[in-house]
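Structure, as structure tokens:
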Amino acid sequence: MFTGIKKWFHRNRDYFKSRRARFQASIYHLLHQDPVETQIFAHRGSKSNRPENTLAAFAEAIRVGADGIELDVHLTKDGQLVVIHDESIDRTTNGRGLVRNLTFSEIRNYSAGAWFGTDYTTEKIPLLSEVLDLLIQLQFTGVLNVEIKTDKFQYVGIEKMTSDLLTSQHYPFSHIYCSFNLESLQRLSELEPGADLCLLMSTSEQKIKLGLQTDYISHLHPRLDWLQKNKSYLKQHNKPLRPWTLNNDADIYFAFNHHLSGFMTDYPALAVEIKKRYNQKSL
């Protein structure tokens with residue numbers, strides 16, 4: 001019985017906390033009616049209603065009007081750039097194994113959407129080049145945020161391969177890079193001087209200070225809960241912020257109310273609708 005009461009208390013506490021946050025955000029909005037240009041990045045595509053990091057997820061993100069698309073890049077055993085978040089295919093496919101230990105043809109034997117729903121059984125882990133082709137086909141003109149996933153494994157040459165592909169032709173969209181690995185960003189700064197390079201951060205104060213002090217780092221991508229607990233950075237920082245991952249009304253209002261450069265969300269349709277209402281209110 002005590003356990004049931006405890007669960008009820010926590011559930012209702014979180015509910016009222018969320019309602020209070022939404023109310024505070026709406027009051028702030030009424031008092032500060034400037035329009036916002038904060039960019040909405042679809043995190044791994046429209047991850048909330050499509051299997052993440054698939055062509056279906058990216059197509060949906062474009063359909064709903066996201067300003068940007070975020071994706072993750074790994075390197076296969078045979079040197080192919082593939083779009084997947086984890087180091088292994090276990091969670092998001094019906095196969096098993098580390099990406100770096102599998103060839104691209106082996107990876108393509110598995111579905112990257114069956115786990116999500118029967119409508120997506122034909123979805124596969126895409127090549128980065130296939131995603132670029134899709135963005136061209138769908139006339140995407142926003143920002144592609146490419147995360148280099150070298151925080152656990154050092155994929156030799158992944159930075160150059162990615163840069164070569166993204167600079168091989170003129171695309172209708174722009175691109176930026178982010179990573180938890182500062183060495184990868186340093187390599188990219190040498191390959192593409194002047195590129196928008198963004199340091200991903202969780203809760204490490206040392207890493208945050210390093211990001212602020214490093215010349216070639218143009219943006220900081222902190223975890224949202226850290227940023228909310230350290231609001232002083234909103235006024236003191238000298239580099240734009242794009243936090244992750246903002247998935248409810250209150251958090252999205254937080255980004256708009258503070259005129260952040262951008263943010264990552266699993267719910268791009270929701271964020272686009274809120275931004276539309278927010279700017280209509282500002283007119």
### Query
Rounded if a/c is under 1.5, else prolate if a/b is larger than b/c, else oblate: which is region 53-161, with a ≥ b ≥ c the root eigenvalues of its Cα gyration tensor?
oblate
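I need the calculated FRET efficiency for the pair ASP78 and GLN280, taking r as the beta carbon distance and R₀ as 45 Å, to the nearest 0.05.
Working: r = 50 Å, r/R0 = 1.12.
Computed FRET efficiency for ASP78 and GLN280: 0.35.
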## Note on the structure
Taking N as the residue count of region 228-270, its alpha carbon Rg divided by 2.2 N^0.38 Å gives 1.13
### Task
With a length cut of 27 Å (Cα positions projected on each helix's long axis) and a Kyte-Doolittle mean of at least -1.0, go through the chain and give me the DSSP H helices that pass.
2-31
#### Entry: Mean accessible surface per residue for the chain, computed with a 1.4 Å probe while every protein chain stays in place, in Å²
50 Å²
### Message
Please list, in order, the residues from region 54-88 whose amide nitrogen is less than 17 Å from a point placed 7 Å along the Cα→Cβ vector of GLN137.
### Response
54-64, 83
### Gain upon complete extension [SER105, ASP34; 0.36 nm per residue less C-alpha separation]
20.5 nm
### Message
Return the Rg/Rh ratio of region 114-162 with Cα-based radii and a Kirkwood Rh.
### Response
1.05
#### Entry: Simple Cβ-charge dipole of region 37-101, Lys/Arg +1 and Asp/Glu -1, about Cα centre, in debye nearest 20
260 debye
### Query
Over all Cα pairs of region 160-283, how is the pair count split among 10 Å bins, expressed in % and running from 0 up to the last occupied bin?
12, 39, 33, 16, 1
### Query
What is the log10 of I(q)/I(0) for the chain, computed with the Debye formula using one identical point scatterer on each Cα and no solvent, at q = 0.11, 0.12, 0.16 Å⁻¹?
-0.68, -0.81, -1.31
### Message
Give me, ordered by chain and number, the residues 5 or more places off HIS175 or on other chains with an amide H under 5 Å from its own placed amide H.
### Response
LEU144
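Taking all protein chains as present, what is the carbon and sulfur share of the accessible area of the chain, in % to the nearest whole number, probe 1.4 Å?
51 percent
To the nearest 20 Debye, how big is the dipole of the chain about its Cα centre, given +1 on the beta carbon of each Lys and Arg and -1 on that of each Asp and Glu?
Value, rounded to 20: 1460 debye.
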### Message
As a test, work out the antiparallel percent of DSSP beta bridges whose residues both lie in the chain, rounded to the nearest 5.
### Response
15 percent
### Task
Answer with one residue from ILE125, LEU241, THR76: the one whose Cα lies farthest towards the positive end of the charge dipole of the chain, charges on Cβ with Lys, Arg +1 and Asp, Glu -1.
LEU241
### Task
Return the FRET efficiency for the residue pair GLU273, GLN169: r is the Cβ-Cβ distance, R0 is 30 Å, and the value is rounded to the nearest 0.05.
0.35
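The values are calculated or read from the model by the stated rules, or taken from the named source; none is laboratory data. Please read these numbers as outputs of a predicted model, since none were measured by experiment. Don't worry about glycine lacking a Cβ; one is built from the backbone with ideal geometry, like all the others, and counts go over all protein chains shown. SASA here: full protein model, heavy atoms, side chains in, ligands and nucleic acids out. Shrake-Rupley method; radii C 1.70, N 1.55, O 1.52, S 1.80 Å.
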